[in-house]
Every structure is written in structure tokens, then in C-alpha cells.
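Written out below as C-alpha cells is the structure these notes cover.
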Amino acid sequence: MSAAFSTNGNKCVILVNGVPASGKSTVARHIAERFGFPYLTIDGIKEPFMELFAPVDRQLNRNIGRAAYQTIWSIVAHAPANCVYVIDAWFGFQPRSELQRYLQQAGIAHVVEIWNQISGDLAAERYASRLHQRADGHPGAEYVPELRQLAERATPMALGPVLTLDQSQPLCLPHIERWLQTHHLQPVHAHSERRSVAALGVRD
């Protein structure tokens, strides 16, 4: 069941961030389906082009990824005020300053981030187990050692409030919902006084 949210007339984005195989797509889909927010994902834009331009090497994959990233922010920029977009991406593949520029150009008044924290070993294990499910053109088994190192040093973009999810633990959707409600994404019929949420994993 979707829930109507008020953003006080401002355009907002929920960045669901994390390295590949960190579980961000599961989180993003849950949020989009629960609240009825439009959902944009880099892979969802990339993969039709990867199929069209096959075979895709690593450099072409990166170029298509950059184009998909730009496409996402073009869509958001043309959306009316009061929209809330859920954006699923590994935002660290581009400089933080690039994200800041896109947010400004798109007229984003409020940004929150859900950071999917994952160990290098768990990210590598998940990625390797899903190789047969990934579209042609994505990096293969040779990427696993690089991903392991990336996961150990990756950090959130931190351009607004950040909720950190420990991906070694079960996903708690009600916790995510409560956190979003305390950060200006309030149900339209909610009491004006916000409830405070004290929960492990929340970091502002």
C-alpha cells in the first residue's frame, strides 16, 4: 500500500547508495513500492544500451554508465516540484562535486541518503554468486578482487542526512520508513510534531 507524502512543495531525492552487490536495489524497490515514489536506477537505463552496443568492454560500460547518470538527473530536473525520486546507484563512481552540481541543476531542495554498508568479503561473495544473472557487458569474475577492496574503503556521499544499513543484518523496512518520516518526508495527515527515532544504524 502506498503512502502519500508531503514535501512542502519541494523536490526531493532519496539516494540509495552502495557499491555493487551491496543490496541497494532491494532497499530502493521496497521504498518505491511502499510509498509510491518513482524509482530510477542506473542499471535500468544502462542495460538496454549495453545490449544494443554489444559487445561492451569495461571502458564502454563506464561511458554508458556516465550517460545513464546524466539521464537520471535530466529526468529529475524536468520533474515538477513536490516530486520524490528514489535513485538507486553506486554514486561513488563519479566525484562528489559532480553529484552536487546535478542536484543544484535539478532544483533539489532536500536530499537524504540510505547507505548500504557491506564488508569486502560479503560484497565479493554476493557479486560472484550473481554473475550468471547479470546482463552481458557488466564486469565479470575478474572484478571481484577490485570490488572487495572498493567495499572496504567506500563511504556515503553525505550531502544530507544519512541512514546506514548494515547489510550483514536482516533488512528492517519499518525502521527505514520511520527514519524517512523524521527527515521531512512526512505523511500528509501526520501530526505536525515529528517523532524522534532512536535506532541503531542512523547517522546524521
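The values are calculated or read from the model by the stated rules, or taken from the named source; none is laboratory data. All values reported here derive from a predicted model rather than from experimental measurement. Every residue, glycine as well, gets a Cβ built from its backbone with ideal geometry; the counts of neighbours run over all protein chains shown. Ligands, DNA and RNA are excluded from the accessible area calculation, which covers all protein heavy atoms including side chains. Shrake-Rupley method; radii C 1.70, N 1.55, O 1.52, S 1.80 Å.
Of the conditions (1) touching a Leu at 6+ places or on another chain (Cβ under 6 Å); (2) modelled with pLDDT under 50, E193 fails just one. Which one is it?
(1)
Taking the options Q100, Q94, Q70, name whichever one is within 23 Å of G140 (Cβ to Cβ) and under 17 Å from the mean Cα position of the chain (by Cα).
Step by step, each of Q100, Q94, Q70 is checked, and only Q94 is within 23 Å of G140 (Cβ to Cβ) and under 17 Å from the mean Cα position of the chain (by Cα).
Starting from the range 61-84, keep only residues that are open to solvent by 50 Å² or more (accessible area, probe 1.4 Å), then list their pairs with residues that are part of a helix (DSSP H, G or I) whose Cβ atoms are within a distance under 7 Å, requiring at least 6 positions of separation or different chains.
T71/I45
Of all residues in the range 11-34 being open to solvent by 20 Å² or more (accessible area, probe 1.4 Å) and in contact with a strand residue (DSSP E or B) (Cβ under 7 Å, 6 or more places away or on another chain), which is nearest to E152 (Cα to Cα)?
Ranking the qualifying residues of the range 11-34, first place goes to K24.
State yes or no: is G140 under 25 Å from Q59 (Cβ atoms) and modelled with pLDDT of 95 or more? I'd like the intermediate steps shown before the answer.
Working: under 25 Å from Q59 (Cβ atoms): yes; modelled with pLDDT of 95 or more: no.
Against the criterion (under 25 Å from Q59 (Cβ atoms) and modelled with pLDDT of 95 or more), G140 does not qualify.
For L147, state whether it is in contact (Cβ under 8 Å) with a residue 40 or more places away in the chain, part of a helix (DSSP H, G or I), surrounded by 20 or more Cβ atoms within 10 Å (Cβ to Cβ) and of a type in the set (A, V, I, L, M, F, W, C).
On the way: in contact (Cβ under 8 Å) with a residue 40 or more places away in the chain: yes; part of a helix (DSSP H, G or I): yes; surrounded by 20 or more Cβ atoms within 10 Å (Cβ to Cβ): yes; of a type in the set (A, V, I, L, M, F, W, C): yes.
For L147, the condition - in contact (Cβ under 8 Å) with a residue 40 or more places away in the chain, part of a helix (DSSP H, G or I), surrounded by 20 or more Cβ atoms within 10 Å (Cβ to Cβ) and of a type in the set (A, V, I, L, M, F, W, C) - is met.
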